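Let me begin by presenting the structure, written as structure tokens, before commenting on it.
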Amino acid sequence: MLEGIVTWAEIDLDAVEFNVRAFKRHVGERVEVFAVVKANAYGHGAIPVARAVLEAGATRLAVHRAIEGVELRCAAPGVTAPILVMGYTPPSGAAMVVRHNLTPSVMTREFVEAVSAEASRAGKVIPVHVKVDTGMSRYGLMPGEVVDFCRAVSTLPGIRLEGLFTHFATADAASLTHTLWQLETFRRVMAAVESAGIHIPLCHAANSAATMKLTDTHLDAVRPGIALYGMNPSDEWPPTFEIRPALTLKSRVSRVRVLPPGAGISYGRTFVTDRETPVALVPLGYGDGYHRALSNKGSVLIRGQRAPIRGCVCMDQFVVDITGIKDVQQDDEVVIVGRQGQAEMRAEEVAQLAGTINYEVTTSILPRVARAYRRGGQVVGVTALGGE
Ligand SMILES: *Cc1c(COP(=O)(O)O)cnc(C)c1O
């Protein structure tokens, strides 16, 4: 199925499912797992990943924007599990939310009233989750505003107050002080709402890092993202249980040659050979989401060995030094992120070299890079530029 494709990402759906099951085991039967599949499932492909996580026992999906929920609903066949929209939806998005049975997060009267009106018109009841800002200074009501807001929401027709949630700013850090403080604040809000006679069945707070590190944050549900893809939520501590990387970014050598001494490589001649240098050309660049910051810094794997990037990463290609790697041929497989034989280049390492975090490495992978989905080692589907 990969004929004619030079640059692609392989997504191991078995690894994704393994990771979901690891989370389910870790949180136990009474806690729901909402799988976060925002930003095209962190670059892994929202639709196939959504199906896999639900198959493995996640009970709901979470995205940032309503339009991401619409994409999942419009897949063939459509995804039917509840989809939480964690970010802002403008009042003009109420019809979209109702039409596609999404679960919006709410923090303003205008929006929740617009949803209520649309839902009543459609004869539906739309569940909503109230977002609380406990210490991140982004989206969400201030703790002191929550009780009054929940009271107002509970009286609206066509609306069911189903959830209350917050998000941690530093759950990945070695020190849990700020997370514990946020949790304490959130628990006070939960108690205040309950004392006002309002029962909210789903209170949730934990991302991957908090779920792994602090079981007190599990509450009624957890919202892991990054770790479902087998990437470490923290660069300060290792995962607390085994997770498996799901993504391998691959390409093929498009040319092999030996450069003479004094040859400038790529735009700006930022690298000039000081000896005869065997090099290979790799057809991947920032037009595929590979960071230009990796110019003269990154490495790739060819024949199970590391080949360092020489010169600039261009929009479509870059050059690597293959000194000491035997028998490199045009069309040889190149691994940019992932394993090849005994060698490994993890997203975490690429991130460090590019001056960013693992989240950004996979989320940056653009639609020009085909996605090949694997189950039981076999490719079961390929998507390229939005088509199958
Ligand atoms: C992205 C996000 C998550 C998932 O975070 P990870 O660190 O990827 O586990 C959870 N909750 C909210 C509100 C988010 O925006």
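What number of residues within segment 360-380 satisfy the criterion of being at pLDDT below 95 and in contact with a Pro (Cβ under 8 Å, 6 or more places away or on another chain)?
Of the residues in segment 360-380, 0 are at pLDDT below 95 and in contact with a Pro (Cβ under 8 Å, 6 or more places away or on another chain).
List the number of the failed condition for residue 67; all other conditions in (1) within 16 Å of the ligand (Cβ to nearest atom); (2) closer than 20 Å to residue 222 by Cα hold.
Among (1) within 16 Å of the ligand (Cβ to nearest atom); (2) closer than 20 Å to residue 222 by Cα, residue 67 violates only (2).
Name the residue, out of 247, 228, that is closer than 26 Å to residue 316 by Cβ, at pLDDT 95 or above and within 16 Å of the ligand (Cβ to nearest atom).
Residue meeting the stated conditions: 247.
Return the only residue of 30, 25, 51 being within 14 Å of residue 71 (Cβ to Cβ) and of a type in the set (D, E, K, R).
Checking each option against the conditions leaves just 51.
Of (1) crowded, with 19+ Cβ neighbours inside 10 Å; (2) without any contact (Cβ under 8 Å) to a residue 40 or more places away in the chain, residue 246 satisfies all except one. Which?
Every condition holds for residue 246 apart from (2).
Got at least one residue in segment 192-212 being crowded, with 24+ Cβ neighbours inside 10 Å and over 30 Å from residue 351 (Cα atoms)?
Taking every residue of segment 192-212 in turn, none turns out to be crowded, with 24+ Cβ neighbours inside 10 Å and over 30 Å from residue 351 (Cα atoms).
Considering only segment 73-97, how many residues are within 16 Å of the ligand (Cβ to nearest atom) and hydrophobic (A, V, I, L, M, F, W, C)?
4
Results for (1) within 16 Å of the ligand (Cβ to nearest atom); (2) surrounded by fewer than 17 Cβ atoms within 10 Å (Cβ to Cβ); (3) part of a helix (DSSP H, G or I), shown as yes or no for each residue.
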position: 112; (1), (2), (3): no, no, yes
position: 121; (1), (2), (3): no, yes, yes
position: 131; (1), (2), (3): yes, no, no
position: 138; (1), (2), (3): yes, yes, no
position: 146; (1), (2), (3): no, no, yes
position: 151; (1), (2), (3): no, yes, yes
position: 161; (1), (2), (3): no, no, no
position: 175; (1), (2), (3): no, yes, no
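So, in segment 315-340, how many residues would count as being more than 26 Å from the chain's Cα centre (by Cα) and either over 27 Å from residue 270 (Cβ atoms) or in contact (Cβ under 8 Å) with a residue 60 or more places away in the chain (or both)?
Count: 8.
Within segment 196-213, how many residues turn out to be within 13 Å of the ligand (Cβ to nearest atom) and assigned to a loop (DSSP other than H, G, I, E, B)?
Summing the residues that are within 13 Å of the ligand (Cβ to nearest atom) and assigned to a loop (DSSP other than H, G, I, E, B) in segment 196-213 gives 1.
Are there any pairs with C-beta distances below 8 angstrom linking a residue in segment 77-89 that is closer than 8 Å to residue 60 by Cα and in a loop (DSSP other than H, G, I, E, B) to a residue that is within 14 Å of the ligand (Cβ to nearest atom) and among the β-branched types (Val, Ile, Thr), with the two at least 6 apart or on different chains, and if so which?
Matching pairs, first to second residue: 82/103.
Which of (1) among the hydroxyl-bearing types (Ser, Thr, Tyr); (2) assigned to a loop (DSSP other than H, G, I, E, B); (3) within 20 Å of residue 352 (Cβ to Cβ) is the odd one out, the single condition residue 240 does not satisfy?
Evaluating residue 240 over (1) among the hydroxyl-bearing types (Ser, Thr, Tyr); (2) assigned to a loop (DSSP other than H, G, I, E, B); (3) within 20 Å of residue 352 (Cβ to Cβ) leaves (3) as the failure.
Could you tell me which of the residues 100, 26 is within 15 Å of the ligand (Cβ to nearest atom) and not β-branched (Val, Ile, Thr)? Can you show your working first?
Numbers: 100 fails: within 15 Å of the ligand (Cβ to nearest atom).
Sole residue among the options that is within 15 Å of the ligand (Cβ to nearest atom) and not β-branched (Val, Ile, Thr): 26.
For every residue, the table says whether it meets (1) aliphatic (A, V, I, L, M); (2) outside any loop (DSSP other than H, G, I, E, B); (3) closer than 25 Å to residue 374 by Cβ; (4) more than 16 Å from the ligand (Cβ to nearest atom).
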position	(1), (2), (3), (4)
216	no, yes, no, yes
258	yes, yes, no, yes
293	yes, yes, no, yes
296	no, no, no, yes
301	yes, yes, yes, yes
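The values are calculated or read from the model by the stated rules, or taken from the named source; none is laboratory data. All of these numbers come straight from a predicted model, not from anything done at the bench. As a convention, Cβ positions derive from the backbone with ideal geometry for all residues, glycine included, and neighbour counts pool all protein chains shown.
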